[in-house]
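Engineer: Sharing a structure below in structure tokens format, with a few things to ask.
The values are calculated or read from the model by the stated rules, or taken from the named source; none is laboratory data. The shown structure was predicted, so the numbers you read here are calculated from the model rather than taken from an experiment. Counting neighbours? That spans all protein chains shown, and the Cβs are built from the backbone with ideal geometry, glycine included. Each accessible area value is taken on the protein alone, full model and side chains, heavy atoms only, with ligands, DNA and RNA left out. Shrake-Rupley method; radii C 1.70, N 1.55, O 1.52, S 1.80 Å.
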Amino acid sequence: PEHITDDFYDHFTTELLKRVLIVKAEGWRYENECRIIREHAGPFLIPKECLKQVCFGMNTPESDIQLVKKIVDSSGYNVNYCRICKRESDFGIKAVEI
């Protein structure tokens with residue numbers, strides 16, 4: 001329809017993407033995770049007191065883990081690192097400190 005502009009579609013698409021990216025299942029609420037969505041790529045300074053843990057996915061290559069750890073550690077952050085692993089007892093997952 002003529003009354004729906006490109007700006008409307010842009011706004012609608014942006015808001016829809018934000019909602020999809022920030023949805024978190026109730027069962028994971030205990031993580032107190034914060035997700036940052038930015039319009040532009042590039043460096044983003046996270047206050048040192050805010051970053052508590054860096055958690056790597058099951059399939060994260062070891063080289064990526066070492067690179068991230070090197071960058072975070074050399075930037076003066078004091079964080080714990082963990083990696084998501086499959087649990088042996090069921091189909092669940094667990095975070096293992098590394």
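Engineer: Would you mind calculating the relative contact order of the chain from Cα pairs under 8 angstrom and at least 6 residues apart, reporting the percent as a whole number?
Structural biologist: 21
Engineer: What full-extension length gain, to one decimal in nm, is calculated for Ile37 and His11 as 0.36 nm per residue of separation minus the Cα-Cα distance?
Structural biologist: Values: separation 26, 0.36 × 26 = 9.36 nm, distance 1.50 nm.
Between Ile37 and His11, full extension yields 7.9 nm more.
Engineer: Determine which lysines satisfy two conditions relative to Lys52: a Cα distance under 21 Å, and not lying fewer than 8 residues away in the same chain.
Structural biologist: Lys24, Lys69, Lys70, Lys94
Engineer: Which whole-percent values make up P(r) of the chain when all C-alpha to C-alpha distances are grouped in 10 Å steps starting at zero?
Structural biologist: 11, 31, 33, 16, 7, 2
Engineer: What spacing in nm lies between the two simple spin-label points modelled at Met58 and Ser74, each 7 Å away from Cα in the Cβ direction?
Structural biologist: With each label placed 7 Å out from Cα toward Cβ, I get 3.2 nm.
Engineer: Can I ask one more? Carbon-plus-sulfur fraction of the accessible area of the chain, 1.4 Å probe, in percent?
Structural biologist: Numbers: 4920 of 8640 Å².
Here carbon and sulfur together make up 57 percent of the probe-accessible area.
Engineer: Using Cα atoms only, what is the angle between the long axis of helix 6-22 and the major principal axis of the chain, expressed in degrees (0 to 90) to the nearest 10?
Structural biologist: Roughly 20 degrees between the two axes.
Engineer: Would you list, by chain and number, the aspartates and glutamates whose Cα falls below 18 Å from the Cα of Lys48, excluding same-chain residues fewer than 8 positions away?
Structural biologist: Here the aspartates and glutamates satisfying the reach criterion relative to Lys48 are Glu33, Asp73.
Engineer: Here's another thing I want to ask about it. Output the 0 to 90 degree angle, nearest 10, between the alpha-carbon long axis of helix 62-74 and the longest principal axis computed from the alpha carbons of the chain.
Structural biologist: Compared with the principal axis, the helix lies near 90 degrees.
Engineer: What fraction of the DSSP beta bridges in the chain is antiparallel, stated in percent and rounded to the nearest 5?
Structural biologist: The antiparallel proportion sits near 55 percent.
Engineer: Something else about it: Rounded, prolate or oblate for the range 58-98? Axes are the square roots of the Cα gyration tensor eigenvalues, ordered a ≥ b ≥ c, and the cut-off for rounded is a/c under 1.5.
Structural biologist: Oblate, since a/c reaches 1.5 and b/c is not below a/b.
Engineer: Could you provide, to the nearest whole Å², the per residue accessible area of the chain with probe 1.4 Å?
Structural biologist: Heavy-atom accessible area per residue stands at 88 Å².
Engineer: Could you tell me the calculated FRET efficiency between Glu49 and Ile98, based on Cβ-Cβ distance and R0 = 22 angstrom, to the nearest 0.05?
Structural biologist: Plugging the Cβ-Cβ distance into 1/(1 + (r/R0)^6) gives 0.45.
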